[in-house]
Amino acid sequence: MYREDKFVMSHRGYAVDLASFRIDEIRTGWKGEYACATVNAVWFRRKNGVTQAVTGELSDSQWDIPKDGVQFLEQYEDGRYGGTPFTRWDGTSVWYAGQDPEENARHLELLRTVLDAYHANPKAPDLGERWNRWWRF
């Protein structure tokens, strides 16, 4: 992935919470050890002319074990599967990946913040200091 300073919907950018970077597991493969790592993210997509807002995470397995979120993102090369969504607003309703009401409430709160930022300025949503933006493949 690489970072862009400008939000462009068609570039399919991700805003990431670098502080959420974590190595979930260290495994051993044919080349030695590798890391399964994750970082929280939010993103926007347009489907059938409707803007969707999504909260979720980006996960990847990397042979060069990343030391931080930036290195993780810079080494993240294969974006064909995109992020794993937790919550999505599709223009009419909210979809949740999980069944835990408390967790869903936290995701909904974040989703509302993301949507407010987008509606305030669709050409350059300001998600706040927490989010490092815009990362794309």
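The values are calculated or read from the model by the stated rules, or taken from the named source; none is laboratory data. Because the structure is predicted, anything quoted here is derived from the model rather than measured. Please note: Cβ atoms are built from the backbone with ideal geometry, for glycine as well, and neighbour counts cover all protein chains shown.
In the stretch 108-129, the residue that is farthest from THR55 (Cα to Cα) out of those that are touching a Ser or Thr at 6+ places or on another chain (Cβ under 9 Å) and not hydrophobic (A, V, I, L, M, F, W, C) is PRO122.
With the structure loaded, tell me whether THR28 is surrounded by 14 or more Cβ atoms within 10 Å (Cβ to Cβ), out of contact with any Asp or Glu (no Cβ under 6 Å at 6 or more places or on another chain) and modelled with pLDDT under 95 or whether it fails that test. Judged against the criteria, THR28 is not a match.
Checked against (1) β-branched (Val, Ile, Thr); (2) loosely packed, with under 12 Cβ neighbours inside 10 Å; (3) not in a strand (DSSP E or B), VAL70 meets all criteria but (2). Could you list, in sequence order, the residues of the stretch 1-60 that are without any contact (Cβ under 8 Å) to a residue 40 or more places away in the chain, of a type in the set (Ser, Thr, Tyr) and under 20 Å from THR87 (Cβ atoms)? Residues satisfying the conditions are THR38, SER59. Among residues of the stretch 73-85 being at pLDDT 95 or above and out of contact with any Gly (no Cβ under 7 Å at 6 or more places or on another chain), the one that is surrounded by the fewest Cβ atoms within 10 Å (Cβ to Cβ) is GLU74. Residues considered: ARG46, ARG88. Of these, the only one that is among the charged types (D, E, K, R), farther than 20 Å from GLU25 by Cα, in a strand (DSSP E or B) and at pLDDT 95 or above is ARG88. If you scan the stretch 105-126, which residues turn out to be out of contact with any helix residue (DSSP H, G or I) (no Cβ under 7 Å at 6 or more places or on another chain) and not in a helix (DSSP H, G or I)? If the condition is that a residue be out of contact with any helix residue (DSSP H, G or I) (no Cβ under 7 Å at 6 or more places or on another chain) and not in a helix (DSSP H, G or I), then ASN121, PRO122, LYS123, ALA124 are the ones that fit. From the list TRP95, TRP89, TRP63, the lone residue that is within 23 Å of ARG22 (Cα to Cα) and among the hydrophobic types (A, V, I, L, M, F, W, C) is TRP63. Here the condition is being under 20 Å from HIS11 (Cα atoms) and either at pLDDT below 95 or basic (Lys, Arg) (or both); of ARG112, ARG136, ARG130, it holds for ARG136 alone.
Determine if the stretch 6-16 includes at least one residue that is surrounded by fewer than 12 Cβ atoms within 10 Å (Cβ to Cβ), more than 24 Å from VAL94 (Cα to Cα) and of a type in the set (D, E, K, R). There is at least one residue in the stretch 6-16 that is surrounded by fewer than 12 Cβ atoms within 10 Å (Cβ to Cβ), more than 24 Å from VAL94 (Cα to Cα) and of a type in the set (D, E, K, R). Residues being farther than 30 Å from THR92 by Cβ and of a type in the set (Lys, Arg) are represented in the stretch 28-36 by at least one member. I'd like to know if the stretch 94-104 contains one or more residues that are buried (at least 19 other Cβ atoms within 10 Å of the Cβ), of a type outside the set (A, V, I, L, M, F, W, C) and assigned to a helix (DSSP H, G or I). No, the conditions are met nowhere in the stretch 94-104.
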